Amino acid sequence: MSIDPLAAAAAGLIAAQLMEAPTYLQRAAGLGVRQDIFAEGGAILRAPRRYRRVVGWAGHAVLAIAIVLLYATFFQAVAHNDHLAWWGLLTGAIHGLVGGIVVGAWPDLHPDMPDPVPPPGVFYRHYGRHDVIEFLVGHLWFGLAAGILYALLHADLPTGAAL
């Protein structure tokens, strides 16, 4: 079976929103989560302060689509497009491991934010325990959602491929 780029794009867009929603809900509730990936992304893309979160959201969406296309390639090559929820958890764990290292390895990827905050460090550890947990769980959740959604949206896969 082939890779379905439309299914990957839709799965990426939805999974990205599911990944970030808990972070922003916790921020809104004042639960101590400091990461703001949309503001960071907008700052990285050098958007004016007024548009940083919107530009960051768009950049995050495009990146999520690209990442789920990579997941889809892995799903086809290794998982033979079966049990994609479980393979999605694995790819989410790998994605989180790589992403956590990237966040800390390049502090210059953390430009001036709307509020002065320190560089996040590896896995956002400079922001505290809540951010580390949110980062790791978010990537697992992204992988799980991407795997299930990709299987359900793929034109040629049976519904059972999701689990």
Original post:
Using unit Cβ charges (K, R positive; D, E negative) and no other charged atoms, how large, in debye to the nearest 20, is the dipole of the chain about its Cα centre?
Top reply: 460
Subject >> Residue with peak Gaussian network fluctuation, the chain [Cα springs, cutoff 10 Å], from His139, His83, His60 >> reply: His83
**OP:** Taking only Cα atoms and a 10 Å spring cutoff, compute GNM fluctuations for the chain and point out the largest among Tyr124, Tyr51, Tyr24.
**Re:** Tyr51
Subject >> Answer label, with percent of Cα pairs over 24 Å apart calculated from the coordinates and candidates [x] 22; [y] 48; [z] 34 >> reply: [z]
Original post:
Where in the chain are the DSSP H helices whose C-alpha atoms run 24 Å or more along the long axis and whose mean Kyte hydropathy is at least 0.0?
Top reply: 5-28, 52-77, 84-105, 129-153
Original post:
To the nearest 500 deg cm²/dmol, what mean residue ellipticity at 222 nm is calculated for the chain from DSSP H runs of n ≥ 4 alone, each contributing -39,500 (n - 2.57), summed and divided by the residues?
Top reply: -22500 deg cm²/dmol
Original post:
Out of Gly92, Gly12, Gly32, any idea which swings most in a Gaussian network model of the chain, alpha carbons joined below 10 Å?
Top reply: Gly32
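Computed from the coordinates by the stated procedures, all read-outs in this text should not be read as laboratory data. Quantities reported herein were computed from a predicted structural model and do not represent experimental measurements. Quick reminder, even Gly has a Cβ in these numbers, built from the backbone with ideal geometry, and neighbours come from all protein chains shown.
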